[in-house]
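Inspection log for the structure reproduced underneath, given as structure tokens.
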Amino acid sequence: NFQLVTLPALGSLTPATTPPTEPLNSHPAHRATSTMSEHGSEEEDDTQFSLANPAVVDKYKVAAEVANKALAAVLAACVPGAKVVDLCALGDKTIEAEAGKFYNKKDKDGAKVEKGIAFPTCVSVNHQVCHNSPGVEDATVLEEGQSVKLDLGAHVDGFVATVAHTVVLMGDMNAPVTGVQADVMAAAVTAGEAAIRKLRPGCNAADVGKAIERVAEDFGVNVVEGVLTHSMKRFVIDGNKVILNKPSPELKAGDETIEVNEVYALDIVLSSGEGKPKIHDERETSVYKRAIEKSYKLKMQASRAVFSEITKKFPTMPFTMRAMGDIRGARLGLVECMKHELLHEYPVLYEKAGDCVAHFKATVLVMQNGNDRITTWTCQPLQSVLELTDEDLKALIATPLKTKKKKAAKA
């Protein structure tokens, strides 16, 4: 996720208050994160909803399967002439369809397992950095030679898997990407390989960010400011523990330590430009998330209608305005919701025209015997004249992600 210093901190949400329409503690997000619950102590509750529970690992991996299939579907449809909004709709539709194949039995209380979109499909082109998920009226089509960033997420029972990928629309997709775009993409892939191996129990989060910055330096590109690798928990896509890819005067890295059984959305965004993205037009923003720590009694009918729909359909996960359907005055209602901080926005961000940008994201399970990269991507051929020179990072990247289990000695 991206964090602009002029916006509310997306990674510091602490559910507390009740919105006007429905008690949020009736939602599993609050039952799962309560200090004391029907399941017993906080420690017991943490174990039940952590990777220490094999059932939780399974749900993360199913969510990852859904996300990977949605990414594959959108990638296959990324061709010159394809409408951006159609690609976004395809990704969301695929997530819903694939998620619908799993966990369809009701529990002992007759409740269904919640599942579906954890982050709406975004398709950002060329120097657009992120969060582009336009409305149905948008007529933008892809063109040959453009670089396209895809970003989406799925969840099963609140356990989230997100993924992002960059592809260049070549006339021959088997031909290598060359030039500056290849340099940026190669750097991002390499930085991801280094960072995922740094992301181990006992490692300081700042060291993960430093590895990403070191790779960017070798390739002559910049880490995009404001990019945060968030921890994730049940129904929490942007947890409080974060890795700041690039510290700045406004954003400082916290003294966090990676722990076993944590889950991270490892987010790598690099640019040939300054790496200081800007908002061009606030009206382009179409992705939002309920600020569950805020409440306010809305005055306008349109505001109450749209907020009620958001609370019912998207109590904890980000959503796109396309998913709001035909709610009359939805855009007008958003204004009052934003004024009183009931929503967090994900604005469309841009580097300068002509800058090359690459975005890759993988969901990583930090396990005792190594890391599981459960969402991933296969990059198209790249032909970069640059390479990693840091010998320590080269040695790190050469190590396997998981240690082999020792065979038991024969009796």
Pair list, Cβ under 7 Å, 6 or more apart: the stretch 310-334 residue at positive phi, other residue surrounded by fewer than 14 Cβ atoms within 10 Å (Cβ to Cβ) and at pLDDT below 90: none
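Tell me, which residue of the stretch 134-163 that is polar (S, T, N, Q) and assigned to a loop (DSSP other than H, G, I, E, B) is farthest from Asn68 (Cα to Cα)?
The first filter runs over the stretch 134-163 and keeps only residues polar (S, T, N, Q), leaving 140, 146-147, 162.
Keeping just the survivors that are assigned to a loop (DSSP other than H, G, I, E, B) gives 140, 146.
Working: Thr140: 25, Gln146: 22 Å.
The qualifying residue farthest from Asn68 (Cα to Cα) is Thr140.
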Selection count, the stretch 170-185, where residues are within 20 Å of Lys361 (Cβ to Cβ) and of a type outside the set (S, T, N, Q): 5
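Find the residue count for the stretch 360-383, including only residues that are more than 23 Å from Gly202 (Cα to Cα), surrounded by 12 or more Cβ atoms within 10 Å (Cβ to Cβ) and within 27 Å of the chain's Cα centre (by Cα). First the steps, then the outcome.
Within the stretch 360-383, the subset more than 23 Å from Gly202 (Cα to Cα) is 360, 375-383.
Restricting the remaining residues to those that are surrounded by 12 or more Cβ atoms within 10 Å (Cβ to Cβ) gives 360, 375-377, 379-383.
Pick out the ones that are also within 27 Å of the chain's Cα centre (by Cα) and you get 360, 375-377, 379-382.
Residues in the stretch 360-383 being more than 23 Å from Gly202 (Cα to Cα), surrounded by 12 or more Cβ atoms within 10 Å (Cβ to Cβ) and within 27 Å of the chain's Cα centre (by Cα): 8 in total.
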One residue from Val227, Val221, Val263 being open to solvent by less than 30 Å² (accessible area, probe 1.4 Å) and more than 19 Å from the chain's Cα centre (by Cα): Val221
Residue within the stretch 168-176 that is part of a helix (DSSP H, G or I) and open to solvent by less than 10 Å² (accessible area, probe 1.4 Å) present: no
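Please report, ordered by residue number, the strands (runs of 3 or more DSSP E) entirely within the stretch 185-297 with at least 2 residues that are hydroxyl-bearing (Ser, Thr, Tyr). First the steps, then the outcome.
Values: elements: 228-231, 242-244, 263-271, 287-290.
Because the criterion is at least 2 residues that are hydroxyl-bearing (Ser, Thr, Tyr), the strands (runs of 3 or more DSSP E) in the stretch 185-297 that meet it are 228-231, 263-271.
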Meets criteria (touching an Asp or Glu at 6+ places or on another chain (Cβ under 8 Å) and within 30 Å of Ala206 (Cβ to Cβ)) for Ser271: yes
Residue tally, condition open to solvent by less than 10 Å² (accessible area, probe 1.4 Å) and either in contact with a Pro (Cβ under 8 Å, 6 or more places away or on another chain) or at pLDDT 95 or above (or both), over the stretch 318-336: 3
Condition check for Thr403: at pLDDT below 95, among the β-branched types (Val, Ile, Thr), more than 24 Å from the chain's Cα centre (by Cα) and open to solvent by 40 Å² or more (accessible area, probe 1.4 Å): yes
Pairs, first touching a residue at least 12 places away in the same chain (Cβ under 8 Å) and closer than 20 Å to Lys289 by Cβ in the stretch 234-253, second crowded, with 18+ Cβ neighbours inside 10 Å and of a type in the set (D, E, K, R), C-beta under 7 Å, six or more apart: Gly239/Lys233
Hits in the stretch 266-311 (condition: touching a Gly at 6+ places or on another chain (Cβ under 9 Å), crowded, with 17+ Cβ neighbours inside 10 Å and of a type in the set (Lys, Arg)): Arg304
Residue list for the stretch 46-74, filter: open to solvent by 50 Å² or more (accessible area, probe 1.4 Å) and either in contact with an Asp or Glu (Cβ under 6 Å, 6 or more places away or on another chain) or closer than 18 Å to Gln380 by Cα (or both): Lys69, Ala72
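The values are calculated or read from the model by the stated rules, or taken from the named source; none is laboratory data. What you see is a predicted model, and the numbers here were worked out from it, not measured in a lab. Glycine gets a Cβ as well: all are built from the backbone with ideal geometry, and neighbour counts include every protein chain shown. What goes into the accessible areas is simple: the full protein's heavy atoms, side chains included, and nothing from ligands, DNA or RNA. Shrake-Rupley method; radii C 1.70, N 1.55, O 1.52, S 1.80 Å.
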